[in-house]
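Just below is one structure, and these are the notes that go with it.
The values are calculated or read from the model by the stated rules, or taken from the named source; none is laboratory data. Bear in mind that the values here come from a model prediction, so they are computed numbers and not experimental data. Don't worry about glycine lacking a Cβ; one is built from the backbone with ideal geometry, like all the others, and counts go over all protein chains shown. Protein only, heavy atoms only, side chains kept; ligands, DNA and RNA dropped before computing areas. Shrake-Rupley method; radii C 1.70, N 1.55, O 1.52, S 1.80 Å.
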Amino acid sequence: MNEQIVIFDTTLRDGEQSPGASMTREEKLRIARQLERMRVDVIEAGFPAASEGDFAAVREVARTVKESTVCGLSRANDRDIARAVEALREARSWRIHTFLATSALHMEKKLRMSPDQVLLQACNAVRFARQHTDDIEFSPEDASRSDVDFLCRVIEGVIDAGARTINIPDTVGYAIPDQMAGLIRTLRTRIPNSDRAVWSVHCHNDLGLAVANSLAAVMAGARQIECTINGLGERAGNTALEEVVMAVKTRRDFFGLTTGIDTTQIVPASKLVSSITGFVVQPNKAVVGANAFAHASGIHQDGVLKSRETYEIMRAEDVGWTTNKIVLGKLSGRNAFRQRLQELGIALDSETELNDAFNRFKELADKKADIFDEDIHALFADSGAHGEGDHYRFISMRQHSETGEKPLAELVLLCNGREHHVKAEGSGPVDATFKAIESIAASQAELVLYSVNAVTSGTESQGEVTVRLAKGGRVVNGVGADTDIIVASAHAYLSALNKLHSTIERVNPQTGTA
Ligand code: KIV
Ligand code: ZN
């Protein structure tokens, strides 16, 4: 029997720290259910001490997920840990993940603590957490830039205090594979109680080496990999789950290890995370990019037609690429719709929400004959601008473009419950639409990203639009979907404005900033 690597997914925590990737409680639940369906071993559901909203989301994930361990991050202090315990305690299986920086740079500049103080605080935090659960993970933040002798002292101390997983983060993506492997080997050899812990690795992708570093660590004895769907995460992101899992599976001859992941759930997970966060997957991205498989992208190379193995090392079906399946249509009733939502892991809180969603589905089915799973996900990804509680709500729009004339957009919007009719000209239809919205919103936000993607294939497809706005140090993403991409753009823009309008204060666990 091959040894199994623990797959620890941190899409909902580190992934969410990526500017603009913040998710609602309902969105986190949908992703958590998909991660569970994919048989991820540990789901890091968030940082409960960040805000009331984060706490509630972690608690909800803890109550819902049954097959994976649910984990909460906490800084190394009693208050954060107590908050995490409170959020997690109803889970069938749960873990506290606590961390403290150990590099000279972080200790001096960020923590303003001496090494002895850091050692004491790390051990105290683990001891405190141990009063509540046996499943404790400790991370010496910025481990790859820490002094190895000091790292050994801290890790030996926290294992003695009760940590059962030791996670080695390459926090700023600085490590090189050989060095990462060397570090894991050194720590496992030099720390006398190292055999009492599972060794884990958590790599960032600043130099594009996160996956390589994680796999090198595995070769040196790490048996847990921390990763995210699509490699989402701060700056250049984290280790991509789909890449490490498929590397271990495809090159089992080399690694001699397995994971428990149901790989056929990888592409659905990738699409779900992309449509919820608005972080589009590049076409040439390994495993989950649209061009990753000639077969899936419709490119029929001669060699592949003759024998698949000539150019393909993995099978598209094994990672969940299927031809779009028609699941519903114009004649589908509420029960069929409800059942498909259940199958997709989309749970709605009330009959009113179901009615709302069903109405939107019917509108879509009037415009588009065949409805695919991707269309249903897009209906829910388009979260802004039609909910009761939204500050800005989309009512209707019309838009005129003609060669030789300036495009004009006219919209009817609700702003704080009051109806407004707005119009503007622009250099193109999207510009005109955003200017018309801004004539009432006057947000002064900067548009930092605008992108459109087809949800499925064919010209009937819905366009999924992402709008990223930045204002006063905050970055938010809005996603909109419609068969009319100008309407989708208006939804996305209003959704981003609604997010900017909400003033939820949350703390970043690593920088301590809001
Ligand atoms: O990158 C990092 O160091 C982290 C820790 C909190 C594990 O995300
Ligand atoms: Zn990280």
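Any chance you could list the semi-axes, whole Å, largest first, of the equivalent ellipsoid that the Cα gyration tensor gives for the chain, using √(5λ)? Don't skip to the end; give the middle numbers.
Details: eigenvalues 335, 149, 88 Å².
Values for the chain, descending: 41, 27, 21 Å.
Report, to the nearest 10°, how far helix 115-130 tilts away from the longest principal axis of the Cα atoms in the chain, using its own Cα long axis and a range of 0 to 90°.
70
Please give the length that would be gained between Gln131 and Arg79 if that part of the chain were fully extended, namely 0.36 nm times their separation in residues minus their C-alpha to C-alpha distance (nm, one decimal).
So the extension gain works out to 17.3 nm.
With every protein chain present, what is the per residue accessible area of the chain (1.4 Å probe, Å²)? Display every interim value, and only then the final one.
Values: 22100 Å² over 514 residues.
Per residue, the chain has 43 Å² of solvent-accessible surface.
Could you compute Rg(Cα) / (2.2 N^0.38 Å) for the stretch 4-121, with N its residue count?
Working: Rg = 15.0 Å, N = 118, 2.2 N^0.38 = 13.5 Å.
Dividing the Cα Rg of the stretch 4-121 by 2.2 N^0.38 Å gives 1.11.
Tilt of helix 351-367 relative to the longest C-alpha principal axis of the chain, in degrees (0 to 90, nearest 10)?
60
Report in % the part of the accessible area of the chain that belongs to carbon and sulfur, leaving out ligands and nucleic acids; probe 1.4 Å.
Details: 10880 of 22100 Å².
Roughly 49 percent, rounded to a whole number.
Count charges around Ala212 for me, please; just the other residues with Cβ under 12 Å from its Cβ, Lys/Arg as +1, Asp/Glu as -1. All intermediate terms of the calculation are to be shown ahead of the outcome.
Numbers: positive: none; negative: Asp170, Asp178, Glu243.
That sum, taken over residues with Cβ under 12 Å, equals -3.
Could you state how much accessible area Leu35 has, in square angstrom rounded to the nearest 10, with a 1.4 Å probe and all protein chains kept in place?
0
Sketch the reach of a paramagnetic label on Lys330 as a point 7 Å from Cα along Cα-to-Cβ, and name the residues of the stretch 481-511 whose backbone nitrogen lies under 19 Å away.
Counting backbone N atoms under 19 Å from the label point, the list is 483-484.
Within the stretch 316-452, count lysine pairs with alpha carbon atoms under 12 angstrom apart where the residues are 8 or more positions apart or belong to different chains. The partial results should precede the final answer.
On the way: Lys330/Lys362; Lys330/Lys367; Lys330/Lys368; Lys423/Lys435.
Counting lysine pairs in the stretch 316-452 gives 4.
In the stretch 186-213, whose amide N lies under 13 Å from the spot 7 Å out along Cα-to-Cβ of Leu257? List them in ranges.
Flagged as within label range: 198-203, 211-213.
Would you mind counting up the charge near Arg223? Only other residues with Cβ under 14 Å from its Cβ, with Lys and Arg at +1 and Asp and Glu at -1. Working shown, then result.
Numbers: positive: Arg164, Arg185, Arg188, Arg196; negative: Glu3, Asp41, Glu137, Asp195, Glu226.
Value of the local net charge: -1.
Using 7 Å Cα-to-Cβ label points, what is the Ser439/Ala104 separation (nm, one decimal)?
Placing both labels 7 Å along Cα→Cβ, they lie 6.1 nm apart.
Can you give the local net charge around Val475? Use residues other than it whose beta-carbon is closer than 10 angstrom to its beta-carbon, Lys and Arg +1, Asp and Glu -1. Mind showing how you got there, number by number?
Values: positive: Arg468, Lys471, Arg474, Lys499; negative: Glu446.
Result for the neighbourhood of Val475: +3.
What angle do you read, to the nearest 10 degrees and between 0 and 90, between the alpha-carbon axis of helix 334-343 and the longest principal axis of the chain?
20
Starting from the residue with the highest accessible area, list Met219, Met38 in decreasing order, probe 1.4 Å. Please report the intermediate quantities before stating the final value.
Details: Met219 95, Met38 0 Å².
Listed by decreasing accessible area, they come as Met219, Met38.
Using unit Cβ charges (K, R positive; D, E negative) and no other charged atoms, how large, in debye to the nearest 20, is the dipole of the chain about its Cα centre? Walk me through the numbers on the way to the answer.
Values: 58 positive and 70 negative charges, 122 e Å.
Charge dipole of the chain: 580 debye, to the nearest 20.
Report the label-to-label distance for Glu410 and Thr24 in nanometres (one decimal), using points 7 Å from each Cα along the Cα→Cβ vector.
3.1
What does the accessible area of Lys362 come to, in Å² to the nearest 10, when a probe of 1.4 Å is used?
60
Does the stretch 92-133 come out rounded, prolate or oblate by the C-alpha gyration tensor, with a ≥ b ≥ c the root eigenvalues, rounded set by a/c under 1.5 and, if not, prolate when a/b is larger than b/c and oblate if not? Don't skip to the end; give the middle numbers.
Details: a/c = 4.56, a/b = 2.23, b/c = 2.04.
Prolate shape, in that a/c is at least 1.5 and a/b is the bigger ratio.
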